[in-house]
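First up is the structure itself, then whatever we jot down about it.
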Amino acid sequence: MLLCKHYPLNFTLKKACAMPTHIATRLIDAASRIILGKDEAIRLALACMLARGHLLMEDMPGVGKTTLAHALAHLLGLKFQRIQFTSDMLPADILGVSVFDQRDGAFRFHPGPVFSEMILADEINRATPKAQSALLEAMEERQISAEGHTYPLPASFFVIATQNPADQIGTFPLPESQLDRFLMRISLGYPDPASERALLAGEDRREMLARLPPVLAAGELDMLLAASRRVHVGPRLLDYVQALLARSRESADFATGLSPRAGLALLSAARAWALLAGRDHVLPEDVQAVLPAVAGHRLRPAGETPLRPDELTRRLRDAVPLP
Amino acid sequence: MTEPRLHPDQTAWLLACAILSLAPHASHLPLSLISVCALLLGWRGLLAHQGRPLPHRFLLFALAASLVALVAVEFQRFFGKEPGIALLAGLLSIKLLETNNARDARTVVLLSFFMQMGLFLYQQNMGVAALALVGSVATVGALLALEGRAEAARTRALAAARLVLQGLPLMAVLFVLFPRIQGPLWGLPADAYTHRTGLSDSMAPGDMARVSESAAIAFRARFEGDPPPPAERYWRGPVLSDFDGRTWRQGRHSVAEAPAYRSQGTAYTYTLTLEPHNQRWLLALDFPAAAPGLRYSSDFQLLAQAPLHTRQRVDLVSHPGTPVGLNEPDAVLRQALALPPGSNPRTRALGARLRTEARASSDIPALAIAHFRASKLAYTLDPLPLGRDDVDSFLFDTRQGFCEHFAAAFVVTLRAAGVPARVVTGYQGGEINAVDGSFVVRQSDAHAWAEVWLAGKGWQRIDPTAASAPRRIDSGLAGALPDMDRLPLLVRSDLPWLRTLRDNLEAIDNRWNQWVLGYNPARQQALLSALGLARTDWTTLIALMAAAGTVVAGLLAAWALRPRSPADAIDRDWARFCQRLAALGLPRETWEGPLDYAGRVAHQRPDLGPAVAAIAADYAALRYGPATTDTFASRRFHQSIKNFRPR
């Protein structure tokens, strides 16, 4: 909104950026009443969804991952399904099974929990790779193939996966190729003391959430998704993104650079971020803002002493001057 | 119909251009007029500052009339360079007092340009050119102020300088190719040949000392090979043999196209570049060999065909060992013996005594020198006043004198002793400019010496000054005088840094003289020949000039209209903006985006916050936003950066 007032003459522009921004502001306001002190993470999660990407949350248990997923689904008015991943889980537990119907004399497909609009895949790294890949295929293809049939998933299909830190016992860390399926990886971290105090003193978050009305009206999410795709990316910004990709591949800091898919991910995330900031065009700041979340799980550090992901992406940012 | 009144900014520029155009004239305008101009300009400035109305027309008329009267009183005439420039200077100052619209302002601008040209009527050195250039920039700035929008003074001065700079190529074309006429580059016929320091064709006591007070350059010489030793550096000027008891004048002499002597002995080849002195004599070393285009007088002066009104180059060969005047006619010798009756009785008595003491007349000069030396005569620029008989008074009473006293006394003594003698004036010495190797002779090197005729030997040079002050000949005037204080600052030898500075300046000045002021028809022809245009008349030159002018103008236009994408301009402006903030210790990180940068600046300097945020937002939208045909934003961006001057 702040930036829109610099264009008093350009009415269409004003309208184009004001509407989605207004909605986005409402969403963030509501979400930050549930999840205290995590505006940045909420904003990133929202941007991830507006970019039609899937989100991986990696954190200690109990910092509010599940609550955030709940809140987002509720506020966006999405049909929500939670899948608790366990080590004995089978793909059919996620996708659904065909059961022989005696009346028809034929197999009938019973859709699994994946047929929903928003999936919370809780503790995804507790499941075996086989079960993980069933979900990951659905995420990539946005459809389910089971027993020779293909079943499309809903138009708005988001997966928010949570994972415990890899060093915990009984986990199967996601391989890199699978990590790539997630647009962003974020972590919430512990709340700051003031937010934690408010959380401890306040009422139960789930109950609060149940009382909150959905923020989005029918069709508004589609409008937001469409608006996010329309955010302008100029040649200078493409130059910048390409310079970032090139640097990640050339620099001695990284064992593997960013793939073209990572470049696309960076752009669509930056578009959504710009939309949330009320702009109709992407700035380098937008790219830099989503860079840790988008590139952190795609870059592998080189050298003996592994760098923390945010340190890694900071180095990448600092090394590339604006064109 | 009345035109809009001038904006205060425009008035300030007009005042500045008038002041900068008038100030360089202060060195030659009479003090009264300078004061009047300064008062008028100050008055105009005060009125503008206080926003008061301009004086009434009748008052201006009265002012103009009194100005004309002042010029009439100062100069006693209205025609000619000096009263003309004085009138213009005064009228420019008065014009400003009635200037309050664009039409009058343009008149002021034109007058200012004219004042800058007028400077060159006095002097044409590089300093004057630089002053005129400064004035021109200010005047162009005033024109810009009249036409343009309000701008910061610095920006406008830079714009004016850029315009003047763009004119330089065209100026060079005109300078090189404009058909040249023989004569000085600048000058008015009537005024051009007055007020020159230098030798004259007569000499009275005190004349040479007066000439010596000037450090102006008389001429330069460039030797092929080594210059002659200091004792041979006598540059021969007018020969004075006619004495009326006080003043020496040139005697009767005839002029021929070839010398009356046969050159022999060591030869020195050199090129003289003489400053104009409005006389015919050329100051050659003794004695120049025959050369075409020169004239030789019967008293062995080297003369030009016409007086030297412009700087002139002469190539010469001199043979100091040449004997001259072996067979002088009686009339010449008679004149070289003549003394006005009744004058200088004591010197005459001395001459008569020397004659009786001498065994042969050829011993007399040596006896006279010995007597001079024994008399302990002092060499000084400030001799005491002489009595009725100059020579007697110098030799027997005051015993202080400059070279002309020595030369005159010596010649009178010898004449009284019956030996033909005469005074020769010219220059003695000179020094080498360490920077460009040229040999520089100044007015302060002016000198007078004697020539004595001895049967069988002809005319012999004898310098009686050397008898009392031998260092005058070996190390120049500065070495001979007991104290330096009376000397022109630039001739003093006790300030080496000053000499180095002077050498450098004069070397530059020499270049300027040779290449800019000395660019005459011959040089132009030589240059064009070098370019393969052997024979050019003025029609060819004009065609050439038009062609070259078109090419230059075309190149300038192509440069001005070169395709520049608006994006480049935006980047340049943004870079300027970042530089200004960096100067405050807030540099942008190379990776930092505009909004982040603005945020950081606003955090550290909240006072700059709004301006910086607006500029950064504009930049971000122009740089990364969708392309737009709307030029409003980019214009506003450019303007806001222009006005962004944080402290």
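Observations, loosely collected:
- Rounded FRET efficiency, nearest 0.05, which uses the C-beta distance separating B:Ala306 from B:Ala231 and R0 of 41 Å: 0.80
- Close Lys-Lys pairs in the protein assembly as shown, where close means Cα under 26 Å and separation is 8 or more or interchain: 9
- Taking amide hydrogens as placed 1.01 Å from N in the peptide plane, the amide H of B:Ala378 sits under 5 Å from those of B:Gln400, B:Gly401, each at least 5 positions away in sequence or on another chain.
- Couplings 3J(HN,Hα) for region B:296-310, derived from phi with the Karplus relation 6.51 cos²θ - 1.76 cosθ + 1.60 (θ = phi - 60°), are 10, 8, 6, 9, 6, 8, 9, 10, 8, 5, 9, x, 7, 8, 10 Hz, where x marks Gly and Pro.
- 3J(HN,Hα) along region B:542-559: 5, 4, 4, 5, 4, 5, 5, x, 4, 4, 4, 4, x, 5, 4, 5, 4, 5 Hz, from the Karplus curve 6.51 cos²θ - 1.76 cosθ + 1.60 with θ = phi - 60°, whole Hz, x for Gly and Pro.
- Per-residue Cβ neighbour counts within 10 Å put A:Leu312, A:Leu90 in the sequence A:Leu90, A:Leu312, beginning with the fewest.
- Dipole axis of chain B (+1 Lys, Arg; -1 Asp, Glu on Cβ), positive-most option in B:Ala421, B:Phe175, B:Met208: B:Phe175
- Less than 5 angstrom separates the built amide H of A:Val97 from those of A:His110, A:Gly112, all sequence-distant by 5 or more or on a different chain.
- Residues with amide H under 5 Å from that of B:Leu240, placed H, sequence gap 5 or more: B:Val423, B:Val424, B:Thr425
- FRET efficiency for B:Val73 and B:Phe114, using Cβ-Cβ distance with R0 set to 30 Å, rounded to 0.05: 0.80
- Residues A:Met57, A:Met139, B:Met171, sorted so that the one with the fewest Cβ neighbours within 10 Å comes first: B:Met171, A:Met139, A:Met57
- Label separation (B:Ala366 vs B:Ala553): 7.9 nm, computed from points 7 Å beyond Cα along the C-beta direction.
- Theoretical gain in end-to-end length, B:Glu589 to B:Leu54 [0.36 nm per residue, Cα-Cα removed]: 187.1 nm
- Out of every Cα-Cα pair that the protein assembly as shown contains, those further apart than 39 angstrom amount to 66 percent.
- In terms of other Cβ atoms within 10 Å, A:Val63, B:Val73 run from fewest to most in the order B:Val73, A:Val63.
- Shielding score for B:594-604, defined as the mean number of other chain Cβ atoms within 10 Å: 2
- Region B:204-330 has equivalent-ellipsoid semi-axes of 22, 20, 15 Å, by the square roots of 5 times the alpha carbon gyration tensor eigenvalues, sorted largest first.
- The modelled label-to-label distance between B:Trp43 and B:Ala522, using points 7 Å beyond Cα along the C-beta direction, is 5.3 nm.
- Residue list for region B:433-457, given a label point 7 angstrom along the Cα-to-Cβ vector of B:Leu333 and an amide N cut-off under 17 Å: B:451-457
- Principal-axis analysis of the Cα atoms of chain B puts helix B:403-416 at an angle of about 20° to the longest axis.
- Three-way shape label, region B:385-474, alpha-carbon gyration tensor, a/c 1.5: oblate
- Each of B:Ala62 and B:Ser529 was given a label point 7 Å from its Cα along the Cα-to-Cβ line. The distance between the two points is 6.6 nm.
- For chain B, the longest principal axis of the C-alpha atoms and the axis of helix B:521-530 are separated by about 60°.
- Restricting attention to the protein assembly as shown, close to 75% of DSSP beta bridges with both partner residues there are antiparallel.
- In sequence order, calculated HN-Hα J values of region B:439-448 (Karplus, 6.51, -1.76, 1.60; Hz; x Gly/Pro): 9, 10, 10, 9, 4, 5, 8, 4, 8, 10
- For chain B, the longest principal axis of the Cα atoms and the long axis of helix B:364-374 meet at an angle of about 60 degrees.
- Between the residues A:Leu216, A:Val231, A:Trp273, the greatest Cα displacement towards the positive end of the dipole of chain A, with unit charges on the Cβ of Lys, Arg, Asp and Glu, is found for A:Val231.
Taken together, the values in this text are just the output of simple stated rules run on the coordinates, not laboratory data. Every value quoted in this text rests on a predicted model; they were computed, and no experiment measured them. Reconstructed Cβ throughout: ideal geometry from the backbone, glycine too, with neighbour counts over all protein chains shown.
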